[in-house]
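The structure appears below as structure tokens.
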Amino acid sequence: MATYESLIMKRYQLIALSVLSGLVLSAGWPARGFPVLLFIGIVPLLFVEDYLLLRRDDHRFSAFSAFLYAFPAFLVWNVLTTWWIYNSTDVGAILAFLLNSTFMSIVFLLFHVTRRSLKNSDRGYIVIIAYWMTFEFIHLRWEISWPWLNLGNGFDGWYKWIQWYEWTGTFGGTLWILAVNILFFKIIKSFIQWRRWTPGLIRSSVLTAGLIILPVIVSLILYSSYHEKSDPVDVVVVQPNLDPYSEQYGLDPGVVTKRVLELTEEKTDSAVAFVVCPESAIQDIPLYEDRIKFSRSYRLIMNYIKKFPDMHFVIGASTYRIFKKNEPLTHTARKFADTSLYYDAYNTAILINPDSSFQLYHKSRLTPGVEIMPYSQYLKFLEKMAIDLGGTVGSLGTDKERRPFSIPSLHLKVAPVICYESAYGEFCARFVRNGANLFFIITNDGWWGDTPGHRQHLTFASLRAIETRRSIARSANTGISAFINQRGDIMQPTPYWVQAVIRQDINANSGETFYVKYGDYLGRIAVFLTVIFLLITIMIGILRVKKR
């Protein structure tokens, strides 16, 4: 009888298995996928890697073969799940597909190299967990960050299954998916080897079923028993539905602001505490931060809220700050063409108070290729390659701290989260550590059209609500705007590409979850383990070379 080790596969069969992994992962991905498939999506790729390990003495397969055979899986997954990027930038989309697939394939290459170095390679599967989670940890932090496909995000549409993210964040989901994939791989491999259900195989199957079912049961109990911290705040969310390609940056700024105010008036009265409007809704250009009060849009908003002395307005704008003489410059500073002065440009959230004062927050997790050209301080020529999606082009300035807006009269702090920032768990948790009681997400998702992109961007808000147990008001220029409670339930979602305004009481919370306190601790543990595993791999390699 042929054994597992004697199986012979042709190269096209290895590629087919790799592509199968990409297809299964894609079928499991939100916004419309069936996430249970994520528990088996990596299994075909693990068989490819294991086959390459068994054939390590075959001259046709070098260690680098793990990269080559993993790449099709990740390219298929990236293209099928994030193809909508192409609607806003064809070059940027192609780069995103290729770079992300390359990074993921490097993870599998390193995993394979480490397994090749171990005497008992069957015990090396913790390595792929550590390496993959380290990749996700890095991918959340560097300037070419694109964490859309971090595995833990795969359950954002099935948020009732992952209420325990308040303890682990999305890294808990990544660990869950990888561990179950490894167990399924081992079960299938053992069945192929023995061709029957052995006691060990039965035990492994029970363990795998338990690993899937128990976290879901715990989560459902958490969901049903969770009681919102109740301190209601009356909020209005505005969706002006300005076409970003033809209206938002082309219409007169006063026309844009009047549309926002006309929608606001449909739902407001003296009980409203906040009006939340989208990213870049104020289009007065140039809008210098020391002259904001003199802008036309600011005056229009102030004239409106004078009727409601307790109303606060949160709205997005592109702003500029001029550096004082002898003030240290940031690496994003730009020089005026006709003077010796420098300035920084920002994607900004503005809180306008009824007493005419205001507070500013600058978007700090920037979109690569649009708002930041990666490592431009070292590669200045990249600034000229920035993709123009309206507003300010090139690397923007940022804030060093996650400072929430403070409203002493209401005993509240609110976190303004701008667009892409809502994809970052620990980033948002830092607002809570600094006292934020509520999240206001302001965004413009119209660049992608009616695609899965804007729908998954919405469901990221459910993850942030669960991790921090904070209620959220989300204003999206073209949709989907909504309210999200502390359990992740999405309420009053607006239709896409229509003008809309919604109103609801949402509950403020001052408590801190375990995740808020400790952040991405699972990612940090993975980084520590990765360093150890890589050092072991290097040392074993050196010793083998010396023996020769």
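Evaluated at q = 0.14 Å⁻¹, the base-10 log of the normalised Debye intensity for segment 232-510, with identical point scatterers placed on the Cα atoms, takes the values -0.97. Amide H contacts of ILE441 (H built 1.01 Å from N, in plane; Pro and chain starts excluded): VAL417, ALA473, ARG474, SER475 sit under 5 Å, all sequence-distant by 5 or more or on other chains. Between ARG433 and SER340, what FRET efficiency comes out of the Förster formula 1/(1 + (r/R0)^6) with R0 = 51 Å and r the beta carbon distance, rounded to 0.05? Here the calculated transfer efficiency is 0.80. Partner lysines whose Cα lies under 30 Å from the Cα of LYS293, excluding those fewer than 8 positions away in the same chain, are identified as LYS258, LYS267, LYS306, LYS307, LYS324, LYS325, LYS335, LYS363, LYS400, LYS413. When restricted to Cα atoms, segment 77-229 yields an Rg and a Dmax of 18.4, 54 Å, respectively. Using all pairs of distinct alpha-carbon atoms, the Kirkwood hydrodynamic radius of segment 271-345 works out to 14.3 angstrom. Would you work out the charge dipole size for the chain about its Cα centre, treating the Cβ of every Lys and Arg as +1 and the Cβ of every Asp and Glu as -1, and quote it to the nearest 20 debye? Using Cβ point charges on Lys, Arg, Asp and Glu, the chain gives about 2240 debye.
The alpha-carbon of LYS547 sits under 22 angstrom from the alpha-carbons of these lysines, leaving out residues fewer than 8 places away in its chain: LYS119. Here the gap between VAL206 and ARG141, fully extended at 0.36 nm per residue and compared with their Cα-Cα distance, gives a gain of 19.6 nm. Multiplying the residue separation of SER224 and SER356 by 0.36 nm and subtracting their alpha-carbon distance yields 43.2 nm. Placing a pseudo-label 7 Å from each Cα along the Cα-to-Cβ vector at LEU95 and LYS400 gives an inter-label distance of 2.9 nm. With contacts taken as Cα pairs under 8 Å and at least 6 residues apart, the chain reaches a relative contact order of 17 percent. If the segment from TRP197 to ALA27 were pulled out straight at 0.36 nm per residue, it would be longer than the present Cα-Cα gap by 58.3 nm.
Please give every one of the aspartates and glutamates within straight-line cross-link reach of LYS229, meaning a C-alpha to C-alpha distance under 20 Å, and leave out same-chain neighbours fewer than 8 residues apart. Counting by Cα, and skipping residues close in sequence, LYS229 has these aspartates and glutamates nearby: GLU166, GLU467, ASP489, ASP505, GLU512. Express as a percent, rounded to the nearest 5, the fraction of DSSP beta bridges in the chain (both residues included) that run antiparallel. If I count the DSSP bridges inside the chain, around 65 percent turn out antiparallel. Size of segment 225-296: Rg and Dmax of its alpha carbons, in Å, are 15.7, 50.
Counting only whole DSSP H helices of the chain, the ones at least 15 Å long by C-alpha along their axis and with mean Kyte-Doolittle hydropathy no lower than 0.5 are 11-27, 43-54, 65-82, 90-117, 126-139, 170-194, 199-225, 521-547.
Just so you know, all these numbers are worked out from the coordinates, no wet-lab data involved. Model, not experiment: these values are computed from the prediction. Ideal geometry is used to build each Cβ from the backbone, glycine not excepted, and the neighbour counts take in all protein chains shown.
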